[in-house]
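Before any comments, here is the structure.
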Amino acid sequence: MAIRQIRTIGDEILTKKCKAVKEMTPRTKELIGDMFDTMYQASGVGLAAPQVGILKRIVVIDVEDGNRYVLVNPEIVETRGSQTGYEGCLSVPGKSGIVTRPMYAKVKAWNENMEPYELEGEGLLARAICHECAHLEGQLYVDLVEGELMDTAPDEEEEE
Ligand code: NI
């Protein structure tokens with residue numbers, strides 16, 4: 001396990017669409033472990049593989065609900081409601097902005113053993129699911145911000 005370098009806005013890898021994972025290999029498992037290490041070290045609640053320079057459809061999330069979610073090839077299959085609130089991103093350091101997301105999201109994915117499962121999230125978990133899945137399409141939250149992107153004091157906001 002290792003901390004990987006987090007790519008930041010302006011790096012064109014963050015604008016690219018990621019490729020599906022076809023099989024789980026030791027190397028991909030190592031990547032997933034490194035993604036958690038990197039996310040925790042940066043005090044984030046979610047991280048997508050392109051943020052560490054790998055164009056694979058892999059997301060890790062920990063919104064401190066007691067679970068560590070690994071989403072391989074995630075697909076959002078249902079959303080409901082809406083929530084408007086602050087959002088940040090480890091790839092856009094020191095900034096935050098107001099973004100409207102679904103209040104509920106259901107996603108189909110595979111875990112780190114390539115077993116299919118469904119994850120339902122509300123509130124922050126729904127926000128994290130939507131934010132991280134957008135990274136896999138090469139999209140950053142800054143394009144969804146309502147009003148101005150703001151400067152954020154370190155550790156003030158949760159970052160994804
Ligand atoms: Ni992000």
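The values are calculated or read from the model by the stated rules, or taken from the named source; none is laboratory data. Every value quoted in this text rests on a predicted model; they were computed, and no experiment measured them. Quick reminder, even Gly has a Cβ in these numbers, built from the backbone with ideal geometry, and neighbours come from all protein chains shown. To get the accessible areas, we keep the full protein, side chains included, count just its heavy atoms, and leave off ligands, DNA and RNA. Shrake-Rupley method; radii C 1.70, N 1.55, O 1.52, S 1.80 Å.
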(request) Looking only at segment 25-34, decide whether some residue is away from the ligand (no atom under 15 Å from the Cβ), of a type in the set (V, I, T) and not in a loop (DSSP other than H, G, I, E, B). (result) yes
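Can you tell me how many residues within segment 51-75 are aliphatic (A, V, I, L, M), within 12 Å of A128 (Cβ to Cβ) and away from the ligand (no atom under 13 Å from the Cβ)?
Quick first cut of segment 51-75, residues aliphatic (A, V, I, L, M) only: 52, 54-55, 58-61, 63, 70-72.
Filter once more, keeping what is within 12 Å of A128 (Cβ to Cβ): 59-61, 63, 71.
Retained after the next criterion (residues that are away from the ligand (no atom under 13 Å from the Cβ)): 63, 71.
Residues flagged as aliphatic (A, V, I, L, M), within 12 Å of A128 (Cβ to Cβ) and away from the ligand (no atom under 13 Å from the Cβ) within segment 51-75 amount to 2.
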(request) For residues that are within 12 Å of the ligand (Cβ to nearest atom) and assigned to a loop (DSSP other than H, G, I, E, B), tally how many sit in segment 40-50. (result) 2
(request) With respect to T84, determine if the residue is over 14 Å from the mean Cα position of the chain (by Cα), assigned to a strand (DSSP E or B) and exposed (fewer than 13 other Cβ atoms within 10 Å of the Cβ). (result) yes
(request) From (1) open to solvent by less than 20 Å² (accessible area, probe 1.4 Å); (2) touching a residue at least 40 places away in the same chain (Cβ under 8 Å); (3) not in a helix (DSSP H, G or I), pick out the condition that doesn't hold for I98. (result) (1)
(message) Can you find a residue that is open to solvent by less than 70 Å² (accessible area, probe 1.4 Å) and among the polar types (S, T, N, Q) anywhere in segment 103-114?
(response) yes
(message) So the check is Cβ under 6 Å with 6+ separation or different chains; which pairs have a first residue in segment 33-54 that's farther than 17 Å from I9 by Cα and β-branched (V, I, T) and a second one that's within 10 Å of the ligand (Cβ to nearest atom) and not in a loop (DSSP other than H, G, I, E, B)?
(response) V45/A128
(request) Working carefully through the options R127, R101, find the one that is of a type outside the set (A, V, I, L, M) and either out of contact with any Cys (no Cβ under 9 Å at 6 or more places or on another chain) or more than 22 Å from Y69 (Cβ to Cβ) (or both). (result) R127
(message) Quick check on segment 8-50: of everything there that is hydroxyl-bearing (S, T, Y) and within 20 Å of D65 (Cα to Cα), which residue is surrounded by the most Cβ atoms within 10 Å (Cβ to Cβ)?
(response) T38
(request) For P93, indicate whether it is within 24 Å of V145 (Cβ to Cβ) and assigned to a loop (DSSP other than H, G, I, E, B). (result) yes
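One line per residue, one yes/no per condition, for (1) away from the ligand (no atom under 11 Å from the Cβ); (2) under 21 Å from K17 (Cα atoms):
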| position | (1), (2) |
| --- | --- |
| T79 | yes, no |
| S82 | yes, no |
| Y86 | yes, no |
| S96 | yes, no |
| A109 | yes, yes |
| P116 | yes, no |
| E132 | no, yes |
| L144 | yes, yes |
| D151 | yes, no |
(message) I'd like the full set of residues that are open to solvent by 80 Å² or more (accessible area, probe 1.4 Å) and either assigned to a loop (DSSP other than H, G, I, E, B) or touching a Phe, Trp or Tyr at 6+ places or on another chain (Cβ under 6 Å) (or both), limited to segment 115-124.
(response) E115, P116, E122
